[in-house]
Amino acid sequence: MMKNHVRKILALAFTTTFICLTLSGLSLAADTIKLGVAGPHSGDLASYGIPTIKAAELVVKEINAKGGVLGKPVELVVEDDVCKPEVATNTATKLVGESVNVVLGHICSGATKAALGIYKDSKIVVMSPSATNPGLTQSGDYPNFYRTIASDDAQAQLEVDFALNILKVKKIAVLHDKGDYGKGLAEFAKKFLEESEDAEVVLYEGVTPGAVSYAAVVQKIKRSGAEAVIFGGYHPEASKIVMEMRKKKMKTLFISDDGVKDDTFIKVAGVYAEGVYATGPKDVSQNEMTSIANDAHKAAYGEDPGAFFLNAYAASLALLNAIEKSGSTDYDAISMALKKEYVDTPLGSIRFDEKGDATGVGFSMYRVKNGAYYEVK
Amino acid sequence: MDYFIELFLGGLTRGSIYALIALGYTMVYGIIQLINFAHGEIYMLGAFTALIVAGILTMLGWNQVAILVIASIVAVVYSAAYGFTIEKIAYKPLRQAPRLSALISAIGMSMFLQYYVLLAQTSNFLPFPNLIPDFKFLEPIEHIVRSSEIVIYATTAIVMVLLTGLIKFTKIGKAMRATAQDRDMAMLVGVDVNKVISMTFIVGSATAALGGVLIASHTGQINYYIGFIAGIKAFVAAVLGGIGSMPGAVLGSLVLGMSESFFTGYISSDYEDVFAFLFLVFTLIFRPSGILGRTDTDKV
């Protein structure tokens, strides 16, 4: 039995090596631009990774039909990392070994972080359509990393910018519901407010979800003299706080997140919801590129695209555009092009900032008016 | 000083809300020593019934006070019927069983009712109309105390007085006290114990339903889960005040509501529950049967 297994494994190993060698030999000979695609392509989280492969395939097909990049055809090198950091380092090593020019991926923040060091040492640009961990770009540890999705703290940043620059409030109360999502956002909002020094955080508190009344917290907001409340959490608590404030005749502005940008909030809070601000994902359905990408997916695979498809589509376009515009596959040239050249994508016309986040991608501010949310321009 | 008064009134509202639920808890416990975990769900059912009735009556164009009265009556009757039925189905067959079995049956009943409403209605929060009219004379101080709060204070006080009167001065009250003291002996002297227990559940459920209507009208939203958290808090309040005692339940509820309100107001709401339960622990260390609980030794 044992022997049999060993023999099988050996046979498998030999064949794989052989295939790999042949493949790499072939591709070297053909002289192509290699786009690595990494992410979970099997296992529990495969549904997050597979739409990215499809997006890359569609983009590459279209670009190759137009003559490729720098006159060379683009070739995909797809590797599975099953969303696990320990696998992701192997995936990265493999892609580096395949001498890919740029990498689209990885999908999960943890796996991305584990893999980034390897790409960094090899001077390869990596762009993720989905890794939202703020540190990936903001820590400055990974200058080779870019992404086409907003980071977790983008909503908090937008809330704070909106409060300071558009509403021009000076005293802000930051509240949250003690949950991972709500508290996380509130902590970022507090940090940004303190860093800006334009406004004062007069109150920072957690409320207990489901409590029968928030009267005491609302009194506290009133006493703190806050002109606006930034709330991190979901709509049931938000509607209770807003209703309590309005019934107590307080005009304090209320700014919240996409946990509150939900029609149930308006239904429950009724007239009291009027004037409430909430951030939510930017509406890209009107973009021409969005319908092109979605239609191409439907034509090729006969179904609607999955998670992060548009972000991956945008990332593939951005990477290949940067190579074309910079005229080489050199790391520094590509980095420069990503930061300078705007590219038309389903997410709008984007480029990347110093830290590697796509500009103009992410969230918009919405305001309740006549019982519905409208984007604040 | 204004801030203190506002926190005080906020605490009073919270406490009265707990009290309306805690009264039923403590009454049932007093008579059959059962912690009726389904009590919070009765409160939730009351609120849902009132929401449906109020919706229909609003469509028919009735005025606000009539809607409040009719919706409350329907909710009270409907919930009392639920209380009666629950006792017959879930607790009566277990009356001779160990107390733990009845407790588990109560937890099961609570979950059953929650998920029944979840499936029959919705898991979403629903807006609850403001059934309590705004009193004209309150307008100048409306930012401090709302009319719905005044109604809640008054109802809690009236319900407490009526229930105490019922138990102290009526025949059924006497039978309840007898059943509470010694069920077998009460049976021997001719008290219809089954009737007494049914009556207890009906009265307890009716107060919970009344609470449901008033509180939902005050907070303006309900969902299938509101009974659980309110029920737990009311249970804590009942234990704090001395479970089995009516004034104890009200006192315990007020103490709990006030302490939460002041703790939130002067220290932090992050730890309001921690503080509420710490307070309970310390009270029980020094007064094991609660603030107003009788300290008689357990019956053997």
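The values are calculated or read from the model by the stated rules, or taken from the named source; none is laboratory data. Keep in mind the model is a prediction, meaning the values are calculated, not measured. Virtual Cβ from ideal backbone geometry, glycine too; neighbours counted across all protein chains shown.
Observations
- Checking each residue in region B:191-239 for being surrounded by 21 or more Cβ atoms within 10 Å (Cβ to Cβ), farther than 12 Å from B:LEU23 by Cα and touching an Asp or Glu at 6+ places or on another chain (Cβ under 8 Å) picks out B:ILE197, B:HIS218, B:GLY227.
- Residue selected from region A:327-339 under the condition without any contact (Cβ under 8 Å) to a residue 12 or more places away in the chain and part of a helix (DSSP H, G or I), by the criterion farthest from A:THR290 (Cα to Cα): A:ASP332
- Any chance B:SER205 is part of a helix (DSSP H, G or I), in contact (Cβ under 8 Å) with a residue 40 or more places away in the chain, of a type in the set (S, T, N, Q) and within 14 Å of chain A (Cβ to nearest Cβ): no
- The set of residues in region B:261-273 that are within 7 Å of chain A (Cβ to nearest Cβ) and either of a type in the set (Val, Ile, Thr) or assigned to a helix (DSSP H, G or I) (or both) comprises B:SER261, B:THR264, B:GLY265, B:SER269, B:ASP270, B:GLU272, B:ASP273.
- From the options A:ALA293, A:ALA226, residue that is among the aliphatic types (A, V, I, L, M) and more than 25 Å from B:PRO140 (Cα to Cα): A:ALA293
- Test: residue in region A:236-258 that is within 22 Å of the chain's Cα centre (by Cα), in the same structural domain as A:LEU193 (by TED's automatic domain parsing) and surrounded by fewer than 18 Cβ atoms within 10 Å (Cβ to Cβ): yes
- Region A:89-103, subset more than 18 Å from A:LYS72 (Cβ to Cβ) and of a type in the set (Ser, Thr, Tyr), residue surrounded by the fewest Cβ atoms within 10 Å (Cβ to Cβ): A:THR93
- When region A:188-218 is filtered for residues that are within 13 Å of chain B (Cβ to nearest Cβ), buried (at least 16 other Cβ atoms within 10 Å of the Cβ) and not hydrophobic (A, V, I, L, M, F, W, C), the ones remaining, listed by number, are A:TYR204, A:GLU205, A:GLY206, A:THR208, A:GLY210, A:SER213, A:TYR214.
- Given (1) among the charged types (D, E, K, R); (2) more than 14 Å from chain A (Cβ to nearest Cβ); (3) more than 30 Å from B:ALA175 (Cβ to Cβ), index of the condition B:GLU41 fails: (3)
- Scanning region B:39-50 turns up at least one residue that is more than 30 Å from A:GLN219 (Cα to Cα) and aliphatic (A, V, I, L, M).
- Qualifying positions in region A:365-377 - buried (at least 16 other Cβ atoms within 10 Å of the Cβ) and under 28 Å from A:LEU338 (Cβ atoms): A:MET365
- Test: residue in region A:86-93 that is closer than 21 Å to A:LEU310 by Cβ and in contact (Cβ under 8 Å) with a residue 40 or more places away in the chain: no
- Selection over region A:219-234 of residues that are in a loop (DSSP other than H, G, I, E, B) and either surrounded by 21 or more Cβ atoms within 10 Å (Cβ to Cβ) or at the interface with another protein chain (Cβ under 8 Å from one of its Cβ atoms) (or both) gives a count of 3.
- Highlighted here are the helices (runs of 4 or more DSSP H) found entirely within region B:97-201 that include at least 3 residues which are within 14 Å of chain A (Cβ to nearest Cβ): B:147-169.
- In summary, B:SER198 fulfils each of the numbered conditions (1) under 22 Å from B:MET44 (Cα atoms); (2) without any contact (Cβ under 8 Å) to a residue 12 or more places away in the chain; (3) of a type outside the set (Lys, Arg) with the single exception of condition (2).
- Qualifying residue in region B:235-254 (condition: out of contact with any helix residue (DSSP H, G or I) (no Cβ under 8 Å at 6 or more places or on another chain), away from every other protein chain (no Cβ under 14 Å) and of a type in the set (A, V, I, L, M, F, W, C)): no
- Among the residues here, A:ALA156 does not qualify as among the hydrophobic types (A, V, I, L, M, F, W, C), outside any helix (DSSP H, G or I) and at pLDDT 90 or above.
- Any hit, region A:314-322, residues being without any contact (Cβ under 8 Å) to a residue 60 or more places away in the chain, assigned to a helix (DSSP H, G or I) and within 30 Å of A:SER239 (Cβ to Cβ): no
- One residue stands out among those in region A:253-267 that are free of Cβ contacts under 8 Å to residues at least 60 places away in the same chain and assigned to a loop (DSSP other than H, G, I, E, B): the one that is nearest to the other protein chains (Cβ to nearest Cβ), which is A:ASP262.
- When B:GLY30, B:GLY46, B:GLY15, B:GLY24 are checked against the criterion of being within 14 Å of chain A (Cβ to nearest Cβ) and surrounded by 17 or more Cβ atoms within 10 Å (Cβ to Cβ), B:GLY15 stands alone in meeting it.
- Extreme residue, farthest from A:GLY225 (Cα to Cα), among residues of region A:161-187 that are in a helix (DSSP H, G or I) and within 12 Å of chain B (Cβ to nearest Cβ): A:LYS183
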